[in-house]
Every structure is written in structure tokens, then in C-alpha cells.
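Undergrad: One structure coming up, written as C-alpha cells, with questions to follow.
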Amino acid sequence: MAKPTLNQLSKKSSRRQFLVGAGAVSTALASSTFANARLLGTDPTAIQGGAPGPQGTRSSFEQLARIPALNIVSLTPLQKLHGTITPSDLHFERHHAGIPEIDPQEHKLMLHGMVERPLVFSLAELKRFPAMTRTCFIECSGNLNLRATEKSTPQMLCGLTSQSEWTGVSLRTLLREAGVKEGASWCLAEGSDAAVMARSIPLDKLLDDAMVAYAQNGEALRPAQGYPMRLLLPGWEGNTNVKWLRRLELSDAPFMTREETSKYTDPLKGGIARQFSVVMDARSVITTPSYPGQLQPGWSEIRGIAWSGRGKIAAVDVSTDAGVTWTRASLQGPVQPKAHTRFGLPWKWDGKPTEIASRAIDETGYVQPTRRQIIDARGPGNQVYHLNPIMHWIIEADGRVLYKAEPWA
């Protein structure tokens with residue numbers, strides 16, 4: 001076979017040029033860093049390293065932290081993470097009355113109401129049932145900072161979502177043990193915090209993919225995540241995933257708790273409100289480049305995460321011209337249902353001001369809406385929950401990246 005000519009080689013795809021160029025830069029930087037380290041006397045091969053300890057720690061060069069706010073939340077640093085699993089100590093928090101300290105030896109879960117055999121389970125007894133493990137996200141339904149400024153990071157904008165590998169026992173298994181009475185259709189899930197958080201959950205959801213989780217990312221739940229046990233409802237708003245779970249009561253009607261009447265309802269046009277809008281709609285956010293990033297002309301990769309409470313992410317489109325045109329990004333596998341999915345698109349910035357944005361499409365065909373579409377559908381007002389608009393990042397001529405903050409009006 002004839003060798004390709006120089007002219008043919010020059011016509012290789014821009015993606016290959018991007019990858020080859022990035023590799024050359026990385027090699028040069030690595031060589032330079034190694035040489036400088038030896039000159040500065042910081043060659044790590046010259047001294048004995050530290051000894052192993054009982055627990056691992058991050059490098060002192062890696063600064064990862066949540067942002068606590070209002071004494072009720074802390075936000076995950078989305079723009080600093082890789083892959084889709086959130087380290088347990090960086091998983092977002094949302095509390096209604098602080099974090100209770102619970103002795104697992106004393107804690108019990110009661111299953112009663114419209115069941116044939118009311119049951120009480122200890123943590124040890126739950127662990128005797130067949131275990132199940134799944135990866136899924138949890139997201140607060142209020143996961144959009146309506147007061148965000150142009151100097152807002154993804155963490156500050158929508159850091160109330162995180163993803164973990166959860167382990168526990170299927171609710172279907174526990175309900176089979178108790179025996180569900182005919183006519184039962186709802187369940188009250190109640191927590192052990194000082195707010196006695198309680199939500200009505202349709203029985204169909206419990207029989208589908210719900211679990212009582214007692215482990216997260218390979219270890220016992222952390223106190224802020226519901227230790228020693230919590231309800232896990234994949235794809236549903238975080239508030240329904242009741243932490244410190246102590247009671248499940250079956251009934252033939254919803255219980256109309258505080259958190260599903262005066263709170264966690266969506267104002268609509270005409271002075272009405274939508275209740276039990278618990279499924280999290282498809283959403284995406286670009287994490288790189290984002291504030292406070294500084295973009296350089298040339299090739300880089302636009303990266304982010306997308307998710308949907310209705311199933312798998314089918315596609316993510318990215319615009320580099322303020323939404324005039326859209327290009328299909330690549331999804332980084334595995335693409336799992338009701339889970340964060342990474343996406344990426346190589347992009348050559350020409351140094352001119354522009355805007356970049358992403359929109360998610362899930363397997364039901366739902367397309368992430370614009371801010372204007374949400375306002376037109378619900379009407380102007382005090383929207384708080386289930387806001388999943390396409391978010392834009394402004395790229396200025398000097399490479400500064402700023403969030404495009406717009407009013408909800």
C-alpha cells in the first residue's frame with residue numbers, strides 16, 4: 001500500500017490534531033516540570049516518602065470543598081470533579097433541622113399501616129436480606145441559585161446534586177415480608193430528625209426501584225446522608241429520599257404533609273400550584289470552561305454532566321454561538337438510567353466573544369428547556385422548585401468565562 005502524501009496527512013481530522021497537540025504539550029510540560037523540580041531541590045526520588053496510615057488523604061495540592069450556606073445546605077464542587085461518582089465527603093447536603101446523632105444499635109425502622117404483618121427492623125436485620133447496589137444521582141428540587149451573578153461557579157449555581165453508589169435492601173422485598181393489603185396505594189416515609197421530615201410516596205414507586213440504603217460508595221452512610229439508613233428513590237427530588245428513616249406507613253391516600261402542601265409545590269398560571277411533581281426533569285451543565293476559568297484561543301474540550309430522573313440521557317447538544325446552532329456532544333459511558341452522565345465536545349475557540357451552552361435530551365424525548373420556555377409555561381412569579389433551564393456561559397475576548405445571569409421575569 002502506498003504511503004500517504006504530505007498533503008493527505010494534512011487533511012486528517014481536526015479531532016486528531018487536537019489530541020496529538022495536547023499530547024505534545026503534556027509531554028513538554030512533564031519534562032519541564034521534572035527538570036525544574038530537580039533544580040529546585042524538590043525531586044521526590046531524593047527522599048523517603050511518607051508511611052501508610054489508617055485512612056487515605058487527598059494531596060495537599062488538591063483543594064476540594066463544599067460551600068456551606070444558610071446553615072441548611074452545602075454545595076458540591078461540580079467543576080472540580082471527574083467522572084460521575086461524587087466522593088462521599090463532597091456529596092451535597094440539605095437539612096431541615098440539623099444532623100441527628102443516631103446510635104445504630106438503637107435505631108429501628110417500623111413498617112405498618114395497611115399491611116398484613118406490621119414489622120420492625122433493626123439495621124442488623126435489614127442487612128440479612130439480599131443486598132442490592134445501584135448508582136444514581138440525588139438532586140434538591142430547589143437546585144438553582146436565582147440570585148446568581150456573572151461570577152458564579154457551577155457549584156454556586158446548581159451544586160445541590162451529587163451521585164453515589166448506594167447499597168441496601170429493596171423496598172419490594174420488605175413489602176413482600178409485610179404483605180400489602182388490598183387498596184393500599186400510598187406510603188408515608190418519616191425521618192428521625194428534629195423536623196420529623198415526612199413525605200407521601202406512591203406505592204408504585206416503592207415497588208419499582210426504591211430501596212432502604214445503609215451504605216454509600218462502599219462504606220456506611222455518613223451522618224449527613226442519613227446514617228444509619230435512608231430511603232432512596234432514584235430520579236425523584238431529594239426531599240422525598242427521606243434520611244434517618246424510621247417509619248413507613250401504608251395507606252389508601254396521600255398524607256398531605258407540610259412538605260407537600262405549603263412547601264415543594266410548583267406555582268403555575270392562574271393562581272394554582274402543582275403538587276407531587278417529584279420526578280427531576282432532564283438537565284445539563286457545562287463544568288469546563290466555566291467561571292472563574294480563563295480560556296485560551298485554540299483547541300480545548302467543553303465538558304459537563306447531564307442527568308434525568310426519567311431514565312437515561314439519550315443525547316447532549318452543545319452550542320458555541322449563543323444557541324443559534326447546536327452540535328451533538330459525545331457521551332462518556334457507562335450511560336446509566338437516572339444517573340449523571342459525562343459529555344464532551346472538542347472546540348477550537350477563535351478568540352472572539354461568544355456564548356456556550358448545553359441542553360440535555362433524555363430517552364423519553366424530553367428536551368431541556370430555555371429559561372423563557374419555563375416562565376411562559378408556568379407564568380411569572382416566585383418559581384422555586386424544578387427549575388432546569390439551559391444555562392449559558394459568556395466567553396469574553398480576553399478569555400474570561402462568566403455566567404450569563406438573567407432575571408426570572
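Undergrad: Does Ala314 satisfy the condition of being open to solvent by 10 Å² or more (accessible area, probe 1.4 Å), on the phi > 0 side of the Ramachandran plot and at pLDDT 95 or above?
TA: Judged against the criteria, Ala314 is not a match.
Undergrad: List pairs: first residue in the range 48-70 and among the hydroxyl-bearing types (Ser, Thr, Tyr), second residue surrounded by fewer than 10 Cβ atoms within 10 Å (Cβ to Cβ) anywhere in the structure, Cβ distance under 9 angstrom, at least six positions apart or on different chains.
TA: Going by the 9 Å Cβ cut-off, there are no qualifying pairs.
Undergrad: Within the range 384-397, how many residues turn out to be surrounded by fewer than 18 Cβ atoms within 10 Å (Cβ to Cβ) and either among the charged types (D, E, K, R) or modelled with pLDDT under 95 (or both)? Please lay out each step first, then the result.
TA: Taking the range 384-397 and keeping what is surrounded by fewer than 18 Cβ atoms within 10 Å (Cβ to Cβ), we get 384, 394, 396-397.
Going one step further and asking which of them are either among the charged types (D, E, K, R) or modelled with pLDDT under 95 (or both), we end up with 384, 396.
Residues meeting the conditions: 2.
Undergrad: Restrict the check to the range 156-168 and report whether at least one residue is crowded, with 19+ Cβ neighbours inside 10 Å, over 19 Å from Trp307 (Cα atoms) and not basic (Lys, Arg).
TA: Within the range 156-168, one or more residues are crowded, with 19+ Cβ neighbours inside 10 Å, over 19 Å from Trp307 (Cα atoms) and not basic (Lys, Arg).
Undergrad: Inside the range 71-106, can you point out the residues that are exposed (fewer than 13 other Cβ atoms within 10 Å of the Cβ), touching a residue at least 60 places away in the same chain (Cβ under 8 Å) and acidic (Asp, Glu)?
TA: Asp89, Glu101
Undergrad: Give the residue that is most open to solvent (accessible area, probe 1.4 Å), with candidates limited to residues of the range 287-308 that are farther than 18 Å from Thr370 by Cα and assigned to a loop (DSSP other than H, G, I, E, B).
TA: Only one residue fits best here, namely Gln296.
Undergrad: Among the residues in the range 115-129, are any surrounded by 15 or more Cβ atoms within 10 Å (Cβ to Cβ), polar (S, T, N, Q) and in a loop (DSSP other than H, G, I, E, B)?
TA: No, because not a single residue in the range 115-129 is surrounded by 15 or more Cβ atoms within 10 Å (Cβ to Cβ), polar (S, T, N, Q) and in a loop (DSSP other than H, G, I, E, B).
Undergrad: Further, regarding this structure: Considering Lys404, Lys338, which residue is in contact with a Cys (Cβ under 6 Å, 6 or more places away or on another chain) and of a type outside the set (Asp, Glu)?
TA: Only one candidate qualifies: Lys338.
Undergrad: Among the small types (Gly, Ala, Ser), open to solvent by 20 Å² or more (accessible area, probe 1.4 Å) and not in a loop (DSSP other than H, G, I, E, B): is that true of Ala357 in this structure?
TA: For Ala357, the condition - among the small types (Gly, Ala, Ser), open to solvent by 20 Å² or more (accessible area, probe 1.4 Å) and not in a loop (DSSP other than H, G, I, E, B) - is not met.
Undergrad: Could you count how many residues in the range 171-230 are crowded, with 21+ Cβ neighbours inside 10 Å, within 22 Å of the chain's Cα centre (by Cα), in a strand (DSSP E or B) and touching a residue at least 60 places away in the same chain (Cβ under 8 Å)?
TA: Qualifying residue count for the region: 5.
The values are calculated or read from the model by the stated rules, or taken from the named source; none is laboratory data. From a predicted model like this one, the values you see are computed outputs, not experimental measurements. All Cβ positions, glycine included, derive from the backbone under ideal geometry; neighbour counts span all protein chains shown. Areas reflect the complete protein model, heavy atoms only, side chains present, ligands, DNA and RNA absent. Shrake-Rupley method; radii C 1.70, N 1.55, O 1.52, S 1.80 Å.
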